[in-house]
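The values are calculated or read from the model by the stated rules, or taken from the named source; none is laboratory data. Because the structure is a prediction, the values reported are computed rather than measured. Cβ atoms come from the backbone with ideal geometry, glycine included; neighbour counts cover every protein chain shown. Surface areas here come from the heavy atoms of the whole protein model, side chains and all, with no ligands, DNA or RNA. Shrake-Rupley method; radii C 1.70, N 1.55, O 1.52, S 1.80 Å.
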Amino acid sequence: MKTEKMFIGGEWVDSVSGNYFESVNPATGQAIASIPEGVREDARMAIQSARQGFEQISRMSVWDRSKLLVSIAEVISRRREDLARVLTLEQGKPYYSEALDEIDGTAMAFADAAEQIKWLETSVIPVEDRNKRVLTIRQPKGVYAVITPWNFPFMVAAEYLAPGLAAGNAIVWVPAPTTSLCAIRLAECFEEAGVPVGVLNLVTGKGAVVGDEIVANPGTDAIGFTGSTATGHQIAVRGAGKPMLLELGGNGPTIVLKDADLDHAARMIASGCFYNAGQVCSATERILIHRDVHDEFVAKLVNHAKEIIIGDPFDQRTTMGPLNNEPVTLKNDLHAKDCLDKGAKILIGGKRAANKTSDLFFEPTVIVGVTEECLYNKEETFGPVAPVMSFSTHEEAVEIAARNNWGLVSSVFTSNLKDSMYFAENLKAGIVNINDSSNYWESHVPFGGVAGKASGVGRIGGKYSINEMSDLKTISLDLR
């Protein structure tokens, strides 16, 4: 088991605390690395380094920043198998069906940012005074505090790091503790690609310590965070006054109308429920089925759940690995018990898988008779669960959909164009997917929650991220 280091000021360093914590393989329970447990002093040094790094990257031309991002993408692609292996070891997702794809998507995010920055829009604005010229330009915000989650430790990091660097910012990055080894390997790619000293700084440790420091410290200028709504609220308070890009929780509905292609809907919804063992903010967690097709649809969904193969994430036959950690597994235990106590019926699953190499494997689960009082409707479960409810009219489905505090992604399955637009326009969500999984997204497409809900602020994805992570400046020229 290797003892790893943090990356600050272009060097690999230990924490000033001298303490370490273990990175653990969720599929086996075995420790795989020893990670520095950073403290506030480490975070402050990283911020100081980033301030110096910002002076370098902010002066680089757009074309030079683009070349740098291409170099990072090339290193990630070259190390594809090694990075995917670390991802499977530390996060738990199947190597062949999910981990390799995440690494490919990570490289794509950097390559895409390299192109997007070349076409960042500026403008000359017509004004009344013929002796004036008014134009707009975009400039970097400064030092970005970035905090990323464990469910997509490479891809979500890329959603902030790639546009952040493209816009000319320096970054202090705190990853989730349970996937810190993934972050260290990605930082190695930055070093290999020749990122200037101080432009990327990685501090590992507890979010309540080093994460809080980079959020609240006046040395950081802006904040990027993906994670739970509760943590997002704490960050908003601690970092009050700073620009924030927050991608928070989701528990949006997937609605199946009676004219839908039920085979296609069941296949897409199963993917939405069980991909990455359901540990996705856009996962299908509330399934609303028209009463006329409820039983037929449920039978198809159960069949898909039965086809899931749980096991060794490095086995090519495996289609679902373990949950990442004990707290999220306990939450799945609690939600399953809660729904049973409130009268629902579990058709398949609902418990931890027996005879596995760790206690974090959870069976694919389909539940019917779920009510709005169940925790499945009130919280993010973050597990391989398909809770099914029923409805009779379009209006009832929209009303049920609106009765929780999430507003990230919704899906609708129908063969009727008019009905699809009715739901697309009336569902309170930042994203509505028609006849597709709630998990459908590509890295250049805007992604984020709707106003008035608890799913975040701003948009990540392609040029939208670059716009969020840069400042729009207006310049007025008097020609007289």
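Worth pointing out:
- Computed over neighbours whose Cβ is under 14 Å from that of A240, the net charge equals 0, Lys and Arg +1, Asp and Glu -1.
- Protein-only accessible surface at a 1.4 angstrom probe places the residues V398, V124 in the order V124, V398, largest first.
- Estimated purely from DSSP H runs of n ≥ 4, each contributing -39500 (n - 2.57), the mean residue ellipticity at 222 nm for the chain is -11500 deg cm²/dmol once divided by its residues.
- Ranking by accessible area, most exposed first, for L89, L417 with a 1.4 Å probe: L417, L89
- Sparsely packed GluC sites (Glu not before Pro) within the stretch 44-153, loop by DSSP, other Cβ within 10 Å at most 14: E121, E128
- Percentage relative contact order, the stretch 59-155, counting C-alpha pairs under 8 Å, at least six apart: 30
- Given +1 at the Cβ of Lys and Arg, -1 at the Cβ of Asp and Glu and no other charges, the dipole of the stretch 113-258 around its Cα centre is 360 debye to the nearest 20.
- Å² per residue, accessible surface of the chain at 1.4 Å: 40
- Scaled to the globular estimate 2.2 N^0.38 Å, the Cα spread of the stretch 205-363, given as radius of gyration, is 1.28.
- Anisotropy class of the stretch 123-213 from Cα gyration tensor, a/c 1.5 cut: prolate
- In plain terms, the bigger the Kirkwood radius, the slower the diffusion; for the chain, with that radius from Cα pairs, at 37 °C and 0.692 mPa s, Stokes-Einstein puts D at 142 µm²/s.
- Unit charges at the beta carbon, dipole of the stretch 1-107: most positive-side option, A46, N19, S61: S61
- Computed from point charges on the beta carbon alone (+1 for Lys and Arg, -1 for Asp and Glu), the dipole magnitude for the chain about its Cα centre is near 860 Debye.
- Charge dipole (debye, nearest 20) of the stretch 370-455; +1 at Cβ of Lys and Arg, -1 at Cβ of Asp and Glu: 140
- Beta bridges per DSSP with both ends in the chain, % antiparallel, nearest 5: 40
- Amide H contacts of N19 (H built 1.01 Å from N, under 5 Å, at least 5 apart or other chain): E37
- Among the listed pairs K331/K428; K258/K306; K306/K351; K93/K453, those with a Cα-Cα distance over 22 Å are K331/K428; K258/K306; K93/K453.
- Mean separation of Cα pairs under 8 Å and 6 or more residues apart, divided by the residue count, gives the chain a relative contact order of 19 percent.
- C-alpha center-to-center spacing [the stretch 281-337, the stretch 121-190] in angstrom: 34
- Accessible surface for R267 stands near 110 Å², nearest 10, in the context of the full protein assembly shown (1.4 Å probe).
- Rounded to 10°, Cα long-axis angle of helix 100-116 versus longest principal axis of the chain: 40
- Cα-based convex hull volume of the stretch 353-474 per residue, rounded to whole Å³: 173
- Computed from backbone phi, the HN-Hα couplings of the stretch 124-129 come to 10, 9, x, 10, 5, 7 Hz, rounded to whole numbers (Karplus: 6.51 cos²θ - 1.76 cosθ + 1.60, θ = phi - 60°; Gly and Pro given as x).
- Order of exposure, largest accessible area first, which applies to M60, M469 with probe 1.4 Å: M60, M469
- Seen against the Cα atoms of the chain and their longest principal axis, helix 229-238 is set at about 30 degrees.
- With an a/c value of 1.5 or above and a/b not larger than b/c for the gyration tensor axes a ≥ b ≥ c computed over the alpha-carbon atoms, the stretch 1-75 is described as oblate.
- Inverse mean reciprocal Cα-Cα distance (Kirkwood Rh) of the stretch 406-454, Å: 11.2
- Annotation for the stretch 220-253 versus the stretch 373-396: alpha-carbon center distance of 25 Å.
- Of L375, Y160, I431, farthest towards positive along the dipole that unit charges on Lys, Arg, Asp, Glu beta carbons give the chain: Y160
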